[in-house]
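To start, the structure under review is shown below, and the notes come after it.
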Protein chains: 4
Amino acid sequence: MIELFKFRIEMRIPFEDVDLFRLLHNAKYFSYFEKCRFEYLRNLGLIYGEESLPNVECAVVEHFCSYKKPARYDDVIEFLVRVSYIRRSSLQFQYILRRKGDEQVLTTGYTNLVWVNFETGKPKTIPPHIKDPVVEFEGDNLNKMPGNPVVK
Amino acid sequence: MIELFKFRIEMRIPFEDVDLFRLLHNAKYFSYFEKCRFEYLRNLGLIYGEESLPNVECAVVEHFCSYKKPARYDDVIEFLVRVSYIRRSSLQFQYILRRKGDEQVLTTGYTNLVWVNFETGKPKTIPPHIKDPVVEFEGDNLNKMPGNPVVK
Amino acid sequence: MIELFKFRIEMRIPFEDVDLFRLLHNAKYFSYFEKCRFEYLRNLGLIYGEESLPNVECAVVEHFCSYKKPARYDDVIEFLVRVSYIRRSSLQFQYILRRKGDEQVLTTGYTNLVWVNFETGKPKTIPPHIKDPVVEFEGDNLNKMPGNPVVK
Amino acid sequence: MIELFKFRIEMRIPFEDVDLFRLLHNAKYFSYFEKCRFEYLRNLGLIYGEESLPNVECAVVEHFCSYKKPARYDDVIEFLVRVSYIRRSSLQFQYILRRKGDEQVLTTGYTNLVWVNFETGKPKTIPPHIKDPVVEFEGDNLNKMPGNPVVK
């Protein structure tokens, strides 16, 4: 399944994100997922500053995270990121977190997003200038294996 | 389903937790879920200071959140909290978030926890001094409707 | 000096704000200071929801914190809060943090704020509907002992 | 004064750190200052993982920040970092934040640290394996211009 992921970023776990039990705090993963989404979209030229924020005027509607092994202070984590499906007004981001060095899979998860008219609260069609680059980038991998990424 | 929840806390959304789109940031919900768990356990006398932290030497293994309506700055949110099941070494917390005033259900979610020997990384039996008060508090509601709380 | 402080709030230190060294993390104090400012202004009726946020369209220009003793998980902290001066377009908030139970002074600090026209970036006069309630609340204590609160 | 700073890191302001007023939140600067300290010490080989954390078993005793111009979402900030003095058991870190592109100085600040015996709470001598690399790195710049960095 890992071969479906074409985009990667790395982050080093900072002191501030580690809790009293010496582990990366469980809520921080969702901040890191957001960073993954922003960097993925930046890589496609869709996010580049405050004036590009209307490109992400969408709502997170579901979040899932499966914690397999803990991350610790100063671990360097590789985040594998993909869009697993894109529909009229929704799409899904998937994540696999691996520790650099021993290549252990630490965490998997996904985010379901819906494009919304922020005035009315109703879903709206994802604009082509956002959808098209994603479809082109993911190519044949789109619509394969949605949900929580399965890694053995 | 709401009648299964016997424990409630309230929180007011602070300025710092609201993002540029004027909405409670999606990652903060998981911090609030943690506060729910700690307050639930405090209410049962299981958390009361640093010396009680070994009582929660357990690992979050799965997190799920369904965002239905956004929360905004200064909203007062009622958090309904329950343990939906408790097994040999695992248990599940469920949450329903309702806005005070209009009683709208904003968010639902759950956390799956496993008690772990932090030395070996292996699951361990939940100690009776933790399990028994939870079983007594939840009573007949235990083992009903696990997973993401369904509210119409 | 403590007798100059007429407004108080209490907070319990949550698990998430404590770092690997088992101490309240040094950056969190500034989040708590913000909560102090908002609660002080709420008490005067100046902050009550999203529509009241223009009342605090002001910029933090200086922040100071003196850490005397550490706070720990589950400590209940009493925050003493005052406005020490208010001028044409600036004011200063002061804070003293005391632990409930042993009444130890843990931390002192201040925030200097300037009211700013967010379009032009220039200072503007603090509106009377904000200034007057603060002047009335602080009374004779205003303009006494600005800077970092001195407590023996 | 800028020429006294020999160490630099860059950070891009993420969405999550920007507040409802579209500005980098005032408390986040202190998290960034911490990152500066850790990266400075990593550069000297003093921080490299969990086993190196005893090297920073020291207490923040004072924090100051002067906010001159706001930072915004996606700004790339250059952090200039130095140790301005180092004594028997204390040292001071200074910071200057400049925006990449227009080179505007946004913020200045400092952190005063004291090495402490965490058992007794008493100050202790900074170990030579920490002090010596700092003294060597800063060289003649040490003991010049302590306090808040002055930049015109």
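Summary of computed values
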| quantity | calculated |
| --- | --- |
| Selection count, region C:1-55, where residues are acidic (Asp, Glu), within 14 Å of chain D (Cβ to nearest Cβ) and not in a helix (DSSP H, G or I) | 1 |
| Answer residue from region B:56-65, given it is in contact with a helix residue (DSSP H, G or I) (Cβ under 8 Å, 6 or more places away or on another chain) and of a type in the set (A, V, I, L, M, F, W, C) and is nearest to the other protein chains (Cβ to nearest Cβ) among those | B:Cys65 |
| Qualifying residue in region A:6-13 (condition: free of Cβ contacts under 8 Å to residues at least 12 places away in the same chain, closer than 18 Å to A:Tyr95 by Cβ and out of contact with any His (no Cβ under 9 Å at 6 or more places or on another chain)) | no |
| Identity of the residue in region A:79-100, assigned to a strand (DSSP E or B) and basic (Lys, Arg), that ends up nearest to the other protein chains (Cβ to nearest Cβ) | A:Arg99 |
| Residue within region A:66-78 that is away from chain B (no Cβ under 13 Å), open to solvent by 20 Å² or more (accessible area, probe 1.4 Å) and among the aliphatic types (A, V, I, L, M) present | yes |
| Test: residue in region B:14-31 that is over 17 Å from the mean Cα position of the chain (by Cα) and among the β-branched types (Val, Ile, Thr) | yes |
| Residue pairs meeting the criteria (Cβ under 9 Å; at least 6 apart or on separate chains; first within 17 Å of D:Leu113 (Cα to Cα), in region D:137-152; second part of a helix (DSSP H, G or I) and open to solvent by 30 Å² or more (accessible area, probe 1.4 Å)) | D:Leu142/D:Val135; D:Pro149/D:Ile2 |
| Identity of the residue in region D:124-152, open to solvent by 80 Å² or more (accessible area, probe 1.4 Å) and not in a loop (DSSP other than H, G, I, E, B), that ends up farthest from D:Glu57 (Cα to Cα) | D:Asp140 |
| Filter result for C:Gly49 (small (Gly, Ala, Ser), at positive phi and without any contact (Cβ under 8 Å) to a residue 40 or more places away in the chain) | yes |
| Failed item in (1) out of contact with any Gly (no Cβ under 8 Å at 6 or more places or on another chain); (2) on the phi > 0 side of the Ramachandran plot, with B:Asp74 passing the rest | (1) |
| Region B:23-41 residues that are under 14 Å from D:Val18 (Cβ atoms), paired with ones that are open to solvent by 20 Å² or more (accessible area, probe 1.4 Å) and outside any helix (DSSP H, G or I) (beta carbon under 9 Å, 6 or more apart) | B:Leu23/A:Ala59; B:Leu23/B:Pro70; B:Leu23/B:Arg72 |
| Meets criteria (out of contact with any strand residue (DSSP E or B) (no Cβ under 6 Å at 6 or more places or on another chain), farther than 20 Å from A:Thr111 by Cα and open to solvent by 20 Å² or more (accessible area, probe 1.4 Å)) for A:Gly45 | yes |
| Any hit, region C:121-128, residues being of a type in the set (Val, Ile, Thr) and more than 14 Å from chain D (Cβ to nearest Cβ) | yes |
| Criterion violated by C:Gly49 - all others in (1) under 24 Å from D:Asp19 (Cβ atoms); (2) modelled with pLDDT of 95 or more satisfied | (2) |
| Out of C:Ser84, C:Ser90, C:Ser52, sole residue that is small (Gly, Ala, Ser) and crowded, with 20+ Cβ neighbours inside 10 Å | C:Ser84 |
| So C:Tyr67, is it under 25 Å from C:Ile130 (Cα atoms) and modelled with pLDDT of 95 or more | no |
| Test for B:Glu103: is it open to solvent by 20 Å² or more (accessible area, probe 1.4 Å), assigned to a loop (DSSP other than H, G, I, E, B), more than 20 Å from B:Asp132 (Cβ to Cβ) and away from chain A (no Cβ under 14 Å) | yes |
| Leading residue by the ranking (surrounded by the fewest Cβ atoms within 10 Å (Cβ to Cβ)) among those in region D:1-16 that are acidic (Asp, Glu) and within 23 Å of D:Val151 (Cβ to Cβ) | D:Glu3 |
| Selection status of D:Arg72, among the charged types (D, E, K, R) and within 30 Å of C:Arg72 (Cα to Cα) | no |
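Here's the yes/no breakdown for (1) modelled with pLDDT of 95 or more; (2) closer than 24 Å to D:His25 by Cα; (3) of a type in the set (A, V, I, L, M, F, W, C):
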| position | (1), (2), (3) |
| --- | --- |
| C:Leu41 | yes, yes, yes |
| C:Ala59 | yes, yes, yes |
| C:Ser90 | yes, yes, no |
| C:Arg98 | yes, no, no |
| C:Gly121 | no, yes, no |
| C:Asp132 | yes, no, no |
| C:Phe137 | yes, no, yes |
| C:Gly147 | yes, yes, no |
| C:Lys152 | no, no, no |
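The values are calculated or read from the model by the stated rules, or taken from the named source; none is laboratory data. Keep in mind that this is a model prediction, so the values were computed, not measured. Cβ: placed from backbone, ideal geometry, glycine included. Neighbour counts: every protein chain shown. Note: areas computed on protein heavy atoms with side chains; ligands, DNA, RNA excluded. Shrake-Rupley method; radii C 1.70, N 1.55, O 1.52, S 1.80 Å.
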